[in-house]
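Structure record follows, encoded as structure tokens.
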Amino acid sequence: MPNLEAVHDEALRSAVDLLDDAAEPRQDGWAVRVRGGGGDVVLSVDFEEARQERATTAM
């Protein structure tokens, strides 16, 4: 697995992309979960973090 920072960056990009596809406009909870080789969740990005990232990059 690449380093955790790179994995987080890619998961965050994916979560931002999901914002437009979310079933509900203000979806809450996790958007993307990344699992390690053993199947355990190694990180999670929620919709709020994705909205904050989108707002930051839109400026």
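Among the residues making up the stretch 6-35, those that are modelled with pLDDT of 95 or more and charged (D, E, K, R) are Asp9, Glu10, Arg13, Arg33, Arg35.
Condition check for Ala22 on (1) touching a His at 6+ places or on another chain (Cβ under 7 Å); (2) assigned to a loop (DSSP other than H, G, I, E, B); (3) among the aliphatic types (A, V, I, L, M): one failure, at (1). Scanning the stretch 23-42 for residues that are surrounded by 15 or more Cβ atoms within 10 Å (Cβ to Cβ) and either in contact (Cβ under 8 Å) with a residue 24 or more places away in the chain or small (Gly, Ala, Ser) (or both) yields Ala31, Val34, Val42. Scanning the stretch 1-22 for residues that are in contact with a helix residue (DSSP H, G or I) (Cβ under 9 Å, 6 or more places away or on another chain), surrounded by 13 or more Cβ atoms within 10 Å (Cβ to Cβ) and hydrophobic (A, V, I, L, M, F, W, C) yields Leu12, Ala15, Val16, Leu18, Leu19, Ala22. Under the condition of being of a type in the set (Val, Ile, Thr) and assigned to a helix (DSSP H, G or I), the residues counted in the stretch 25-59 number 2.
The values are calculated or read from the model by the stated rules, or taken from the named source; none is laboratory data. Quantities reported herein were computed from a predicted structural model and do not represent experimental measurements. So basically every Cβ, Gly included, is an ideal-geometry build from the backbone, and we count neighbours across all protein chains shown.
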